[in-house]
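The next block holds one structure in the form of structure tokens; read it before the comments.
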Amino acid sequence: MAQKPLRLLACGDVEGKFDVLFNRVRTIQKKSGNFDLLLCVGNFFGSAQDAEWEEYKTGNKKAPIQTYVLGANNQETANYFQDADGCELAENITYLGRKGIFTGSSGLQIVYLSGTESLDEPVPAYSFSPKDVSSLRTMLCSASQFKGVDILLTSPWPKYVGSFGNSSGEVDTKNCGSALISSLAMSLKPRYHFAALEKSYYERLPYRNHVVLQESAQHATRFIALANVGNPEKKKYLYAFSIVPMKLMAVAELVKQPPDVTENPYRDSGKQAAGGKQIPAPQEESACQFFFDLSEKQGRKRPSTGRDNKPPHAKQPRKPPQPPGPCWFCLASPEVEKHLVVNIGTHCYLALAKGGLSDDHVLILPIGHYQSVVELSAEVVEEVEKYKATLQRFFKSRGKRCVLFERNYRSHHLQLQVIPVPLSCCATDDIKDAFITQAQEQQIELLEIPEHSDIKQIAQPGAAYFYVELDTGEKLFHRIKKNFPLQFGREVLASEAILNIPEKADWRQCQTSKDEEEALARRFRKDFEPFDFTLDD
């Protein structure tokens, strides 16, 4: 019999507005049924002594649900929390303590850390130190079977939690929050992490706790920051959720990845916070390395020659590696068939495919010599993203969707194949199924990877792989270990299930004369010009 989920509520800064909070809880419970616990993060008490609290302390009023709260975040409210190990503050209201682990009768594991970060000695009563974080980590992570915890409660946000995720609104996560909490969250892998203090509501996209294809799959983490109770802007301060303790869950169910899962925001910096050092922000280049995230860095104008606004000591972009011999795709090479080139940017260019599956089958290619996406520098990745987004808009205007693939196997220069498929031809799910079915028939392990995954964390430079991205952002990846059919991508798209032109599966069978190629290129340039971002100087 499946374990019945626990029904919990989490709350942001109460700031002494106990009646507002508990009346709201009563309303919710009357409408939706009873909840098991209420977990409060942030400032539970207001700065001034309040007669309202005396009503609860003396028993004249009672919280309608078992409520657990964190300790003080400032000197003004520290006197409410006399026992560092936790204690009952009033009927149904319990102070958890400065730090520790609360395990319910159901097996639910809640880790809590009260106060704000302090690197001073002695540590104030309303703060936590690097030693507090280290002891919590040791207490839990030293167990050989440790997989993570169900819930983490802290008052401050973790620093950099917004990296690689959705917008955190008015809160700048690069400059606010606690680096120590980032480190703790990285180590403890909570399924839910609640915080407050910023008077803002932010539910971050879930992030993964493993490196795709390099580590065993683990559960995802959801970070939720809650606003202050009764705020006039009506920002969300109360969050309801259901949870089955991870100890009672089947592994397959526990590690199931949400469709919108992202990279771990603390991956690059978690180790450095262990000793209390301020962790550096994740490198901006890493954001660019989300190669297939079409939302990144669009809309900038292409830098024009002679107008360099960088500071005098700005780091110069590294030069691309040089080919060991003649290359058919380095733009400066005499081997390039320049009549197929249809658009040139700063770091990349577009060319019609030789023997394309259609008249508008194009390639995105770096101007310099790079073998694969994994080896691209940040500025090249940025322009590739612009080309991809622009091509999507261009083909959509013509009633088509894009399929993009790369084969980094028996090739020396990166070629991103962009093939338009008429919307009337088939649905994206049909294209995805065709790739998976044909891969299974040829005993190719084609894995679906999360939408926000970073291919540079999946494949190392020099590794052979095949990669597909669909117009929905869904991605398929195969790590090539031995022989791989060179025309696999074309074969799938040319099949009856998609374009129904199986005779064009081999590019050598559908070449045309140079005059015909030049005519196709002229037509493409003319049609593409209204979408050409390289003209926006």
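The values are calculated or read from the model by the stated rules, or taken from the named source; none is laboratory data. Since the model is a prediction, treat every value here as computed from it, not as a measurement. Glycine also receives a Cβ, built like all others from the backbone with ideal geometry; neighbour counts cover every protein chain displayed. Ligands, DNA and RNA are excluded from the accessible area calculation, which covers all protein heavy atoms including side chains. Shrake-Rupley method; radii C 1.70, N 1.55, O 1.52, S 1.80 Å.
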For this session: Show the residue pairs that are 6+ apart or on different chains and have beta-carbon atoms under 9 Å apart, the first residue being within segment 512-532 and farther than 24 Å from Ala389 by Cβ, the second being part of a loop (DSSP other than H, G, I, E, B).
Result: Thr512/Gly355; Lys514/Glu337; Glu517/Glu337; Glu517/Lys354; Glu517/Gln511
Exercise. Which one of these is open to solvent by 40 Å² or more (accessible area, probe 1.4 Å), of a type in the set (Ser, Thr, Tyr) and outside any loop (DSSP other than H, G, I, E, B): Ser134, Ser105, Ser144?
Worked result: Ser134
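One line per residue, one yes/no per condition, for (1) more than 25 Å from the chain's Cα centre (by Cα); (2) under 24 Å from Phe531 (Cα atoms); (3) of a type outside the set (Val, Ile, Thr):
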{"position": "Glu385", "(1), (2), (3)": "no, yes, yes"}
{"position": "Lys388", "(1), (2), (3)": "no, yes, yes"}
{"position": "Phe394", "(1), (2), (3)": "yes, yes, yes"}
{"position": "Cys402", "(1), (2), (3)": "no, yes, yes"}
{"position": "Tyr409", "(1), (2), (3)": "yes, no, yes"}
{"position": "Val418", "(1), (2), (3)": "no, yes, no"}
{"position": "Ser424", "(1), (2), (3)": "yes, yes, yes"}
{"position": "Asp430", "(1), (2), (3)": "yes, no, yes"}
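Residue-wise test of (1) part of a loop (DSSP other than H, G, I, E, B); (2) at negative phi; (3) touching a residue at least 24 places away in the same chain (Cβ under 8 Å).
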{"residue": "Gln460", "(1), (2), (3)": "yes, yes, yes"}
{"residue": "Ala463", "(1), (2), (3)": "yes, yes, yes"}
{"residue": "Phe466", "(1), (2), (3)": "no, yes, yes"}
{"residue": "Asp471", "(1), (2), (3)": "yes, yes, yes"}
{"residue": "Leu476", "(1), (2), (3)": "no, yes, yes"}
{"residue": "Asn483", "(1), (2), (3)": "yes, yes, no"}
{"residue": "Val492", "(1), (2), (3)": "no, yes, yes"}
{"residue": "Ile498", "(1), (2), (3)": "yes, yes, yes"}
{"residue": "Glu503", "(1), (2), (3)": "no, yes, no"}
For this session: Starting from segment 319-342, take each residue that is more than 18 Å from Arg525 (Cα to Cα) and list its partners that are among the small types (Gly, Ala, Ser) and at pLDDT 85 or above, counting only C-beta distances under 6 angstrom and pairs at least six apart or across chains.
Result: Pro320/Gly368
Seminar exercise, completed: Note on segment 6-18: residues open to solvent by 40 Å² or more (accessible area, probe 1.4 Å) and outside any strand (DSSP E or B) are Glu15, Lys17
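Restricting to segment 228-246, name every residue that is in a loop (DSSP other than H, G, I, E, B) and of a type in the set (Val, Ile, Thr).
Of everything in segment 228-246, those that are in a loop (DSSP other than H, G, I, E, B) and of a type in the set (Val, Ile, Thr) turn out to be Val229, Val244.
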For this session: Check segment 160-168 and report whether any residue there is surrounded by fewer than 23 Cβ atoms within 10 Å (Cβ to Cβ) and of a type in the set (A, V, I, L, M).
Result: no
Problem set entry | Residue match in segment 236-255 (condition: open to solvent by 30 Å² or more (accessible area, probe 1.4 Å), at pLDDT 95 or above and basic (Lys, Arg)) | yes
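Residue-wise test of (1) in contact with an Asp or Glu (Cβ under 9 Å, 6 or more places away or on another chain); (2) within 26 Å of Phe241 (Cβ to Cβ); (3) of a type in the set (Val, Ile, Thr).
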site	(1), (2), (3)
Phe44	yes, yes, no
Ser47	yes, no, no
Leu70	no, yes, no
Cys87	no, no, no
Ile93	no, yes, yes
Leu113	yes, yes, no
Exercise. So, of the residues in segment 33-82 that are farther than 21 Å from Leu8 by Cβ and among the acidic types (Asp, Glu), which turns out to be surrounded by the fewest Cβ atoms within 10 Å (Cβ to Cβ)?
Worked result: Glu54
Exercise. Does at least one position in segment 71-80 carry a residue that is assigned to a helix (DSSP H, G or I) and aliphatic (A, V, I, L, M)?
Worked result: yes
For this session: Identify the single condition in (1) charged (D, E, K, R); (2) surrounded by fewer than 19 Cβ atoms within 10 Å (Cβ to Cβ); (3) closer than 19 Å to Arg407 by Cβ that Glu469 does not satisfy, given that it satisfies every other one.
Result: (2)
Exercise. Would a scan of segment 414-430 turn up a residue that is over 28 Å from Asn343 (Cα atoms), of a type in the set (A, V, I, L, M) and not assigned by the TED database to the domain that holds Gln214?
Worked result: yes
For this session: Of all residues in segment 186-226, count the ones that are open to solvent by 10 Å² or more (accessible area, probe 1.4 Å) and of a type in the set (Lys, Arg).
Result: 4
Problem set entry | Hits in segment 425-436 (condition: touching a residue at least 60 places away in the same chain (Cβ under 8 Å) and assigned to a helix (DSSP H, G or I)) | Asp430, Ile431, Asp433, Ala434
Exercise. Of the numbered conditions (1) free of Cβ contacts under 8 Å to residues at least 12 places away in the same chain; (2) crowded, with 23+ Cβ neighbours inside 10 Å, Pro122 satisfies every one except a single condition; which is it?
Worked result: (2)
For this session: Determine, yes or no, whether Glu516 is among the charged types (D, E, K, R), farther than 17 Å from Leu363 by Cα, open to solvent by 10 Å² or more (accessible area, probe 1.4 Å) and assigned to a helix (DSSP H, G or I).
Result: yes
Exercise. What are the residue pairs meeting all of these: first residue in segment 155-183, first residue in contact (Cβ under 8 Å) with a residue 12 or more places away in the chain and in a helix (DSSP H, G or I), second residue of a type in the set (Lys, Arg) and surrounded by 24 or more Cβ atoms within 10 Å (Cβ to Cβ), Cβ atoms under 6 Å, and 6 or more apart or on different chains?
Worked result: Ala179/Lys159; Ser182/Lys159
Exercise. Could you say whether any residue in segment 437-446 is modelled with pLDDT of 95 or more, farther than 20 Å from Gly462 by Cβ and among the hydroxyl-bearing types (Ser, Thr, Tyr)?
Worked result: no
Exercise. Is at least one residue of segment 347-366 at pLDDT 90 or above, farther than 22 Å from Arg522 by Cβ, among the aromatic types (Phe, Trp, Tyr) and in the same structural domain as Gln460 (by the TED database)?
Worked result: no
Exercise. Of the conditions (1) assigned to a loop (DSSP other than H, G, I, E, B); (2) open to solvent by 60 Å² or more (accessible area, probe 1.4 Å), Glu448 fails just one. Which one is it?
Worked result: (1)
